[in-house]
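To start, the structure itself, in structure tokens.
The values are calculated or read from the model by the stated rules, or taken from the named source; none is laboratory data. Computed from a predicted model, the values in this text were never measured in an experiment. A quick note on method: Cβ atoms are made from the backbone with ideal geometry, for glycine too, and the neighbour counts reach across all protein chains shown. Calculation scope for accessible area: heavy atoms of the full protein, side chains included, ligands and nucleic acids excluded. Shrake-Rupley method; radii C 1.70, N 1.55, O 1.52, S 1.80 Å.
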There are 2 protein chains.
Amino acid sequence: MREAAVIGVGMTKFGELWTKSLRDIFVEAGLKAIDDAGVDHIDAMYVGSMTPGLFVGQEHIGALMADYLGVAPIPAVRIESACASGGFAFRQAFLDVASGMNDIVLAGGVEKMTDGADVTYALSTAADQEYECYQGITFPGLYAMIANVYFERYGATRKHLAMVAVKNHKNGALNPNAQFQSEITIDDVLNATMVADPITVMDSSPVSDGGACVIVTTVDIAKKLNKPIIKVIGSGAGTDTIALHQRDDILSLNAVRIAGERAYKMAGIKPSDVNFAEVHDCFTIAELCIIEELGFAPRGKAAELIEKGETTLTGKIPINTSGGLKSKGHPVGATGIAQIVEVVEQLRGNAGKRQVKNAKIGLTQNMGGSGASSTVHIFKLD
Amino acid sequence: MREAAVIGVGMTKFGELWTKSLRDIFVEAGLKAIDDAGVDHIDAMYVGSMTPGLFVGQEHIGALMADYLGVAPIPAVRIESACASGGFAFRQAFLDVASGMNDIVLAGGVEKMTDGADVTYALSTAADQEYECYQGITFPGLYAMIANVYFERYGATRKHLAMVAVKNHKNGALNPNAQFQSEITIDDVLNATMVADPITVMDSSPVSDGGACVIVTTVDIAKKLNKPIIKVIGSGAGTDTIALHQRDDILSLNAVRIAGERAYKMAGIKPSDVNFAEVHDCFTIAELCIIEELGFAPRGKAAELIEKGETTLTGKIPINTSGGLKSKGHPVGATGIAQIVEVVEQLRGNAGKRQVKNAKIGLTQNMGGSGASSTVHIFKLD
């Protein structure tokens with residue numbers, strides 16, 4: 001396999017982008033990434049998007065975005081794995097470069113969720129329609145079940161979930177691309193409207209529009225372009241049962257654990273070598289479970305880690321320095337790529353007021369549905 | 001890049017599969033391919049599907065199919081490029097093996113179109129919604145415009161289109177997996193209900209359910225398994241403007257030409273070295289244009305090639321020996337993989353009554369929308 005590096009990143013502001021269409025959003029992010037990379041062409045493109053068909057009535061967006069970005073006739077294709085579409089799009093771009101097929105590849109993600117579609121229905125297509133959605137359950141309900149078992153088994157409380165939201169909003173307040181650039185308090189979360197007990201609206205990531213793109217190339221080309229070398233040292237992906245009730249233990253996110261193990265193995269590092277991470281906090285409880293699956297805390301100990309402040313910007317393992325899905329926003333297909341944008345900005349030392357000190361190795365974890373698919377990527381400043 | 005080979009193929013019958021769900025269809029094809037390959041595991045999976053979200057309300061089908069096929073936690077992801085989803089899924093599986101990331105990879109395609117969704121709307125999401133569909137045009141209309149310009153410029157007639165349908169039905173009548181296993185006449189086509197002048201319903205591929213899967217591995221592993229070595233010697237992909245009116249010439253399928261040129265270059269062969277091909281005859285006129293873009297006939301001469309019988313089973317370059325989309329059926333996401341199933345069966349000498357003599361090199365061409373994306377793959381019996 002050829003070694004690969006990320007040499008360009010770009011994203012739109014996340015939020016309710018009323019004046020921008022799906023293609024406008026992608027093209028804005030794509031041009032920023034190409035400009036940042038300083039390349040005069042790209043050889044292929046992967047577009048992560050969950051369900052543009054249901055959100056805006058448009059499929060075939062690999063070709064569409066290549067056309068509107070002005071890069072046709074290059075190979076371009078859409079990658080879908082629900083909310084992990086961005087992470088998988090990056091993985092395919094990485095494999096394309098690693099294989100030797102193409103040298104400079106764009107991995108992007110985009111979603112336009114606020115255009116009037118039935119968002120709850122569209123998102124529910126990430127779960128098992130036959131065994132979950134048709135019975136009336138939605139994603140807040142699925143994660144609420146996980147949270148209740150977590151509380152029962154490990155003695156954590158709603159306050160621990162609230163700490164995740166408060167920390168992520170604090171980081172998001174420092175991110176000019178975040179949907180919500182405002183701090184919140186524990187009480188704001190505890191007193192917020194209940195969606196599915198114990199998940200409140202402030203435990204939930206928002207409905208967002210947004211796009212993000214990165215440029216992947218070989219390490220040799222990155223060196224010739226005189227770019228900071230942000231190496232892709234690990235790539236892992238995994239799957240699990242799509243329906244939550246079919247798992248041996250609904251607290252085990254096997255896809256996340258396996259994706260992490262594979263990425264660590266490929267990178268030749270252990271969890272304690274990671275300096276900071278962007279993880280998939282679609283609901284606050286997810287951040288706790290993921291922290292454990294990735295080995296940043298022992299099983300059942302994520303709440304303690306968070307309580308001690310170890311996941312803040314100055315903690316032992318800063319998590320979601322960008323604000324995470326909760327505060328930065330969650331345009332589902334774009335999320336996995338936006339995580340990589342943040343990690344690259346941190347590794348380059350360009351993260352401004354939310355800069356993590358001594359950031360050398362960063363990790364991204366992106367997840368689909370209630371954890372039926374996940375990618376993990378590890379990046380190192382060379 | 002590591003050399004790759006196809007060692008297993010499987011597909012369902014194409015048609016109106018009322019008693020089978022999306023997942024049933026995929027699992028049936030997947031188990032057949034795994035069984036045919038004689039492997040005890042697969043390492044990763046790519047699922048081509050155009051719009052299961054609009055057809056049956058289910059996205060995230062990479063993970064879903066891994067779960068139901070019993071292969072989770074392996075990496076699995078959906079690939080979408082409208083009707084070229086299958087071709088692109090194969091390409092990603094090929095790149096995965098070529099990169100060295102995984103050794104035994106399943107590439108599949110599936111679509112369930114007859115479950116009550118608005119099929120015309122769902123398919124229209126492959127075109128440019130903003131500039132085409134909202135103006136009222138559908139795919140028969142787009143291909144009708146291409147056909148009219150073709151007639152005007154090259155003097156071809158509706159009879160030439162009909163010859164494509166007649167030939168493909170003749171082949172399909174010999175294929176037990178085809179949706180329509182019956183021959184038709186030129187008059188059947190000419191007298192059929194007009195959809196968009198000059199395209200009749202008998203110039204159009206049908207609405208179908210179906211699935212197809214193939215297993216890709218390294219040539220080394222294929223040899224160890226004592227399987228016939230069907231090498232992937234060429235892989236090309238290309239894109240074009242998504243809207244037809246934005247092309248310099250609406251008769252030029254640039255994505256097809258470029259995908260073909262890249263595949264030929266990689267394979268180190270020329271069009272005349274290809275013994276037979278499966279091409280994307282979503283409408284009869286498409287087969288004529290594609291024959292020219294792939295170099296099997298000079299520009300404007302495809303009608304003559306067909307008239308001379310050179311694309312029949314015993315001709316110089318048999319086209320769509322399986323029956324093509326017209327007769328075999330067109331469950332959109334499955335089509336690109338089913339083309340590969342046919343080519344492998346032909347190269348193995350297992351195509352029964354539709355066997356092409358001296359089949360050593362076969363080509364597959366799979367296209368999205370009105371040609372905004374295309375893949376071409378070339379296979380050689382070692």
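Of note:
- Choice from A:Gly238, A:Gly70, A:Gly260 showing the highest fluctuation, given a GNM over chain A with Cα pairs closer than 10 Å: A:Gly70
- Other protein chain C-beta atoms within 10 Å of residue C-beta, averaged over B:367-376: 4.
- Helix axis angle, A:284-293 relative to chain A longest principal axis, alpha carbon, degrees: 70 degrees
- 222 nm mean residue ellipticity, helices alone, for chain B (DSSP H n ≥ 4; -39,500 (n - 2.57); rounded to 500): -11000 deg cm²/dmol
- Ordering A:340-346, B:44-50, A:37-43, B:145-151 by mean Cβ neighbour count within 10 Å, with the highest value first, yields B:44-50, A:340-346, B:145-151, A:37-43.
- Database remark: amide H of B:Ser81 closer than 5 angstrom to the amide H of B:Ser49 (H placed geometrically; neighbours at sequence offset of 5 or more, or on other chains; Pro and chain starts carry no H).
- Across the stretch A:218-347, Cα pairs under 8 Å and at least six residues apart give a relative contact order of 21 percent.
- Across the identical copies, the label point of B:Ile186 (7 Å from Cα in the Cβ direction) is separated from its matches by 8.5 nm, in order from shortest.
- Share of carbon and sulfur in the accessible area of the stretch B:1-63 stands at 52%, probe radius 1.4 Å.
- Set of aspartates and glutamates near A:Lys20 by C-alpha distance (under 14 Å), chain-local residues within fewer than 8 positions excluded: A:Glu28, A:Glu111, A:Asp115, A:Asp209, B:Glu130
- Rounded if a/c under 1.5, otherwise prolate or oblate - the stretch B:53-199, Cα gyration tensor axes: prolate
- Between 0 and 90°, nearest 10: helix B:332-347 axis offset from chain B longest Cα axis: 70 degrees
- When the alpha carbon coordinates of chain A are projected onto the principal axes, the ranges are 54, 44, 38 Å, largest first.
- Nearest-ten-degree value, helix A:158-172 long axis tilted from longest Cα axis of chain A: 30 degrees
- Across the stretch A:375-382, computed HN-Hα scalar couplings (Karplus, 6.51 cos²θ - 1.76 cosθ + 1.60, θ = phi - 60°) run 10, 9, 10, 10, 10, 9, 6, 7 Hz from first to last residue, x flagging Gly and Pro.
- Taking the stretch B:226-382 as the region of interest, the number of lysine pairs whose Cα atoms are within less than 19 Å, with members eight or more places apart or on different chains, is 24.
- Taking the accessible area of the stretch A:69-120, probe 1.4 Å, and keeping the other protein chains in place, the carbon and sulfur fraction comes to 43%.
- Taking the average, over residues, of other Cβ atoms within 10 Å as the packing measure, peptides A:362-374, A:14-26, B:272-284 rank A:362-374, B:272-284, A:14-26 from highest down.
- Per-residue mean of foreign Cβ neighbours for B:207-217 is 0 (Cβ atoms of other chains, 10 Å radius).
- Difference of contour (0.36 nm per residue) and Cα-Cα distance, A:Leu31 to A:Asn191: 53.4 nm
- For the stretch A:252-382: rounded, prolate or oblate by the Cα gyration tensor [a/c cutoff 1.5]: rounded
- Inter-copy label distances at A:Pro228 (7 Å, Cα→Cβ; nm, one decimal): 5.5
- Take each residue of peptide B:101-114, count the partner chain Cβ atoms within 10 Å of its Cβ, and average: the result is 1.
- Residue closest to axis [chain A; rotation mapping onto B; Cβ; Å]: A:Ser99, 2
- Taking only protein heavy atoms and a 1.4 Å probe, the accessible area of the stretch B:153-309 is 50% carbon and sulfur.
- Label geometry 7 Å along the beta-carbon vector: B:Trp18 inter-copy distances in nm: 4.9
- Estimated vicinal HN-Hα couplings, Hz - the stretch A:11-18 in sequence order (Karplus 6.51, -1.76, 1.60; Gly, Pro = x): 8, 7, 4, 8, x, 9, 9, 4
- Counting DSSP beta bridges with both ends in the protein assembly as shown, the antiparallel % (nearest 5): 75 percent
- Using the 1.4 Å probe convention, the accessible area of chain B works out to 31 Å² per residue with neighbouring protein chains retained.
- Area buried, chain B against chain A - accessible surface, total, 1.4 angstrom probe, square angstrom: 4700 Å²
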